[in-house]
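One structure is given below, encoded as structure tokens.
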Amino acid sequence: MSSSKVIQIPFVDLGADFTKNESEYLEVFKKIGRSGQYILGENVIDFEKNIGLLLKTKHVISVGNGSDAIVFVLKALGIGPGDEVITAPNSFIASAWSIVSVGAVPVFCDIDESLNLNPVELSKHITKRTKAILAVHLAGVPSKIDVIENICKQNKIYLIEDCAQSIGSLYKSRSTGTFGIAGAFSLHPLKNLGGLGDGGFITTDNAELANSLSLLRNHGLSNRDSAETWGYNSRLDELQAAFLNIRLQNFHKNKKRVQDIASYFMQNLTSEIETPKIDSDMDVFWHRFILFTKSRDYIREELMNKGVDTRIHYPIPIHLQNCSKNLGYTLGDFPKTERQSYESFSLPLYAHLSDLQVEYIVQCLNTIVKKAL
């Protein structure tokens, strides 16, 4: 394939994704509009059932967004002021602010080659005030969650999974979000299962916790007039649930396509650039395809000149954000996380990329890397 012709490849293309299901979206929009049932109706019930079957979990509680999913789990478990929750500093800021929002303190631990919490490092961060580990499955790649689960059991603390980026990913044949006391998922439009607006859900096999979460999302109400606890207003609406049920019909097809593209990247990208590291126990539904190189800025600029849009996830680690100054962390505290911030970038990766686009990305990147190095 000749690289003389520039092909424009956006990092994401949500409009193209909408177009595939446009007629179905419009049909359910009209049906729900005519029904007059817009909140906690049959579409939400169906969505929660569908997710339960997909992930093989007993209880699914849909909420307004993925951040609320984490907050509600922490609240329902009684985690608050004076408590500590260990998590990764290389995630989106929501992982940490959700901990802060309940009055607890986020305690950071560095990552391993999977870009997730390093289990070997975890024990040094556990104190008498540690109440939970919030394990993030970054970019769709599962953490070594069974090892983290054992650490939590040994120390009698909760394991909570941040699965905002990992829906559909499996570790040792089990879905992320089914190892801990609960899993928190995002349904933001950019996610692999995303709506046409915000949304989220929580998974758990604990019936008591599920009941508490159902109360929290809906003002603490057990019925229209009786409030059992102080709650919140964070519900997945009927329209989003209906749109998501449509998208679920192509979930496995989309996962397979994304996996095929990621495999092509790994097999054909030059060895002079570092590709993601996964092991045979992982069945990854890639949310991001993150590469490492010391020539990142040059390579990204040259790719953009060729029409290929890329992103950095995340250029400022959470422990170095202005909002984290009171936590006392400094540059150098988490070397692997900091390396990710200044050496990594993400390629476009979504199900409706064509073979031609995928080949073009690889050809452009290999040519640019050869010049850069």
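The values are calculated or read from the model by the stated rules, or taken from the named source; none is laboratory data. What you see is a predicted model; the values in this text were computed from it and never measured. A quick note on method: Cβ atoms are made from the backbone with ideal geometry, for glycine too, and the neighbour counts reach across all protein chains shown.
In a loop (DSSP other than H, G, I, E, B), free of Cβ contacts under 8 Å to residues at least 12 places away in the same chain and either among the polar types (S, T, N, Q) or not assigned by TED's automatic domain parsing to the domain that holds LEU320 (or both) - does that describe any residue in the stretch 28-49? So that I can check it myself, show each step before the final result.
Here is the first cut: in the stretch 28-49, the ones in a loop (DSSP other than H, G, I, E, B) are 36-38, 40-41.
This time we only want the ones that are free of Cβ contacts under 8 Å to residues at least 12 places away in the same chain, so: 36.
Keeping just the survivors that are either among the polar types (S, T, N, Q) or not assigned by TED's automatic domain parsing to the domain that holds LEU320 (or both) gives 36.
Checked against the condition, which is being in a loop (DSSP other than H, G, I, E, B), free of Cβ contacts under 8 Å to residues at least 12 places away in the same chain and either among the polar types (S, T, N, Q) or not assigned by TED's automatic domain parsing to the domain that holds LEU320 (or both), the stretch 28-49 yields at least one hit.
Over 30 Å from LEU365 (Cβ atoms) and assigned by TED's automatic domain parsing to the domain that holds CYS364 - does that describe any residue in the stretch 287-309?
Kept after step one, since they are over 30 Å from LEU365 (Cβ atoms), are these residues of the stretch 287-309: none.
No, the stretch 287-309 has no match at all.
What residue, among those in the stretch 25-52 that are farther than 22 Å from SER175 by Cβ and β-branched (Val, Ile, Thr), is surrounded by the most Cβ atoms within 10 Å (Cβ to Cβ)? Don't jump to the end; show me each part of the working.
Start the filter on the stretch 25-52 by keeping residues that are farther than 22 Å from SER175 by Cβ, which leaves 25-43.
From the residues that got through so far, the ones that are β-branched (Val, Ile, Thr) too are 28, 32, 39.
Details: VAL28: 18, ILE32: 20, ILE39: 10.
Among those residues, the one meeting the criterion is ILE32.
Taken over the stretch 72-81, the criterion of being surrounded by fewer than 24 Cβ atoms within 10 Å (Cβ to Cβ) and either closer than 17 Å to LEU159 by Cα or polar (S, T, N, Q) (or both) is satisfied by LYS75, LEU77, GLY78, ILE79, GLY80.
Taken over the stretch 306-332, the criterion of being within 30 Å of SER354 (Cα to Cα) and either without any contact (Cβ under 8 Å) to a residue 40 or more places away in the chain or assigned to a loop (DSSP other than H, G, I, E, B) (or both) is satisfied by LYS306, GLY307, ASP309, THR310, ILE312, HIS313, TYR314, PRO315. Among the residues of the stretch 9-17, are any under 30 Å from ASP309 (Cα atoms), part of a strand (DSSP E or B) and modelled with pLDDT of 95 or more? Yes: the stretch 9-17 contains one or more residues that are under 30 Å from ASP309 (Cα atoms), part of a strand (DSSP E or B) and modelled with pLDDT of 95 or more.
Being hydrophobic (A, V, I, L, M, F, W, C) and either more than 24 Å from the chain's Cα centre (by Cα) or surrounded by fewer than 21 Cβ atoms within 10 Å (Cβ to Cβ) (or both) is the filter here, so list the residues in the stretch 199-238 that pass it.
Here is the first cut: in the stretch 199-238, the residues hydrophobic (A, V, I, L, M, F, W, C) are 201-202, 207, 209-210, 213, 215-216, 221, 227, 230, 236.
Selection gives ALA207, LEU209, ALA210, LEU215, LEU221, ALA227, TRP230.
Screening LEU14 against (1) aliphatic (A, V, I, L, M); (2) touching a helix residue (DSSP H, G or I) at 6+ places or on another chain (Cβ under 9 Å); (3) surrounded by fewer than 17 Cβ atoms within 10 Å (Cβ to Cβ) leaves a single unmet condition, (2). Would you confirm, using the coordinates I've provided, whether VAL102 is more than 27 Å from ILE246 (Cα to Cα) and outside the structural domain of LEU349 (by TED's automatic domain parsing)? Spelling it out, VAL102 is indeed more than 27 Å from ILE246 (Cα to Cα) and outside the structural domain of LEU349 (by TED's automatic domain parsing).
When the stretch 185-198 is filtered for residues that are buried (at least 20 other Cβ atoms within 10 Å of the Cβ) and among the hydrophobic types (A, V, I, L, M, F, W, C), the ones remaining, listed by number, are PHE185, LEU187, LEU193. Assess whether LEU269 counts as being within 14 Å of ASN366 (Cβ to Cβ), in the same structural domain as VAL362 (by TED's automatic domain parsing), in contact with a strand residue (DSSP E or B) (Cβ under 7 Å, 6 or more places away or on another chain) and surrounded by 19 or more Cβ atoms within 10 Å (Cβ to Cβ). So LEU269 does not fit the description; no. Summed over the stretch 292-302, the residues that are assigned to a helix (DSSP H, G or I) and either of a type in the set (Phe, Trp, Tyr) or in contact with an Asp or Glu (Cβ under 8 Å, 6 or more places away or on another chain) (or both) give a count of 2. For the stretch 125-179, the set of residues classified as assigned to a strand (DSSP E or B), of a type in the set (D, E, K, R) and under 22 Å from ALA76 (Cα atoms) consists of LYS131, GLU161, ASP162, listed by residue number.
For the stretch 131-143, the count of residues that are over 18 Å from the mean Cα position of the chain (by Cα), farther than 15 Å from ALA184 by Cα and either assigned by TED's automatic domain parsing to the domain that holds ASN192 or modelled with pLDDT of 95 or more (or both) is at least one. Annotation: ILE99 fulfils all but one of (1) outside any helix (DSSP H, G or I); (2) of a type outside the set (Asp, Glu); (3) closer than 22 Å to THR204 by Cα; the unmet one is (1). With respect to the conditions (1) free of Cβ contacts under 8 Å to residues at least 60 places away in the same chain; (2) at negative phi, LYS156 lacks only one, and its number is (2). Among the residues in the stretch 49-61, are any closer than 28 Å to SER346 by Cα and basic (Lys, Arg)? For the stretch 49-61, residues closer than 28 Å to SER346 by Cα and basic (Lys, Arg): absent.
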